[in-house]
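Report on one structure; see the data block that follows.
Since every read-out is calculated from the coordinates, none of them should be taken as a lab result. None of the values given here were measured: they were computed from a predicted structure. Here Cβ is always computed from backbone atoms with ideal geometry, including for glycine, and neighbour counts include all displayed protein chains.
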Amino acid sequence: MNTLQALQDILIRDYGLTRERLSANAVLTEIGLDSLSVLELMFKIEDRFHVTISGDTPTDLVTVNDVVRYIDKLLVTVP
């Protein structure tokens, strides 16, 4: 399972979205994720991917693919 599929699984399970709405180019606000939802999503990402997000939640996450790239970047830095 790749990062996109794992993120889609989280969004489907916890936010009631459908996989069809969750293309890589889907805009987070257009699928119903506001800034609070994105913050909550960060905690879910930490749990699912066993990473630690330090500092503030990034403000440049606009699309699902932006979140995927962010997760992949975190995974590279995991010891």
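At-a-glance table
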{"item": "Percent of C-alpha pairs per 10 Å bin, segment 1-62, short to long", "result": "20, 59, 20, 0"}
{"item": "Contour minus Cα-Cα distance for D34 and V62 (0.36 nm per residue)", "result": "9.0 nm"}
{"item": "Helical mean residue ellipticity (222 nm; -39500 (n - 2.57) per DSSP H run of 4+; nearest 500) of the chain", "result": "-16500 deg cm²/dmol"}
{"item": "Computed FRET value (nearest 0.05) for M1 with F43, which takes r as the C-beta separation and R₀ as 25 Å", "result": "0.80"}
